[in-house]
1. Please work out whether region 205-285 counts as rounded, prolate or oblate from its C-alpha gyration tensor, where a ≥ b ≥ c are the square roots of the eigenvalues and a/c under 1.5 means rounded, while otherwise a/b larger than b/c means prolate and anything else oblate?
2. What FRET efficiency comes out for the pair residue 153/residue 75, r = Cβ-Cβ distance, R0 = 56 Å, nearest 0.05?
3. Hey, can you rank 130-140, 277-287 by average C-beta count inside 10 Å, highest first?
4. Calculate, for residue 141 and residue 274, the FRET efficiency according to 1/(1 + (r/R0)^6) with r their C-beta to C-beta distance and R0 51 Å; round to the nearest 0.05.
5. Between residue 96 and residue 294, how high is the FRET efficiency from 1/(1 + (r/R0)^6) when r is the Cβ-Cβ distance and R₀ = 45 Å? Nearest 0.05.
6. Per residue of the chain, what 222 nm ellipticity follows from adding -39500 (n - 2.57) for every DSSP H run with n ≥ 4, rounded to the nearest 500?
7. For a footprinting-style exposure proxy, rank 62, 110 by other Cβ within 10 Å, fewest first.
8. By how many nm would the segment from residue 203 to residue 134 grow when fully extended, if each residue of separation counts as 0.36 nm and the alpha-carbon distance is taken off?
Ligand SMILES: O=C(O)[C@H](O)CO
């Protein structure tokens, strides 16, 4: 058992599922300081709280930049994020300081792929509109031309970014009778064979797909990728889905494409900013379904994410191998 002085300071930026907290408490090496709330830690509190920390457990909503790293000071050995995405971390600054990073790939792949399929079907089959019509009395009778929409059978699906999650989405969509599965990314992926994936240029994917699914990470290359030009190439009957990061999309251009009928519909689990203000123009559109970033939100997935985040952090503190270390 470590003495109180030897204990390593760990700052946790939010209340997290108890699975991870228990591991941190049980380890007996952490002096835990927790922002014990469901709401994000205010920046000033974060800067104060992180001072002198050896470990930082953070969320995707915490921007970890040079200012935070400077506020933490030279003790900081490890940052462990409760997310697979790491676009909120200033990687260059972190690397420069020799700090290790843990993240949570794989464990949220199934939940996120499942949510993506749910969002795609909800959007293309106009479920929110249908539910609303039932409630508001708009459902007068069975009508041959009412609430018709586009289905997956016989369609072409284009996945932007056939990584772990992109592939899991493709696997789940194929049995719906998808005829062609196109994908794009930095290079062709051997694992695409499993879903008969065709590696195509982005331009081809955008022009030929009935469903465009964004599943890439946010990088300088993908920031604002889905803009006016992108939407102008999509079919008028096509549906756009994004469950990666909001900043991959130019939302003004998406609003233009949806309101002018340039594309049929969009489903977003991620936006800029998050939360999206309730008076945002996208929320006024019937053909836009917006969810509050719940891709990985199943009890079991969040529990496992929390455990993995704690184990990454503990490994970083003790200088041992992390279960999931981000190669910097
Ligand atoms: O990056 C992530 O982990 C997702 O966006 C939320 O689980």
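Throughout, read-outs are computed from the coordinates displayed, never taken from laboratory work. Predicted model, so just to flag it, every value in this text is computed and none were measured. Note that we place each Cβ from the backbone using ideal geometry, even for glycine, and neighbour counts take in every protein chain shown.
1. Note, shape of region 205-285 comes out oblate.
2. So the FRET efficiency works out to roughly 0.45.
3. 277-287, 130-140
4. 0.80
5. Efficiency, rounded to the nearest 0.05: 0.85.
6. Estimated from H runs of four or more residues: -9500 deg cm²/dmol.
7. 110, 62
8. Gain on stretching residue 203 to residue 134: 20.9 nm.
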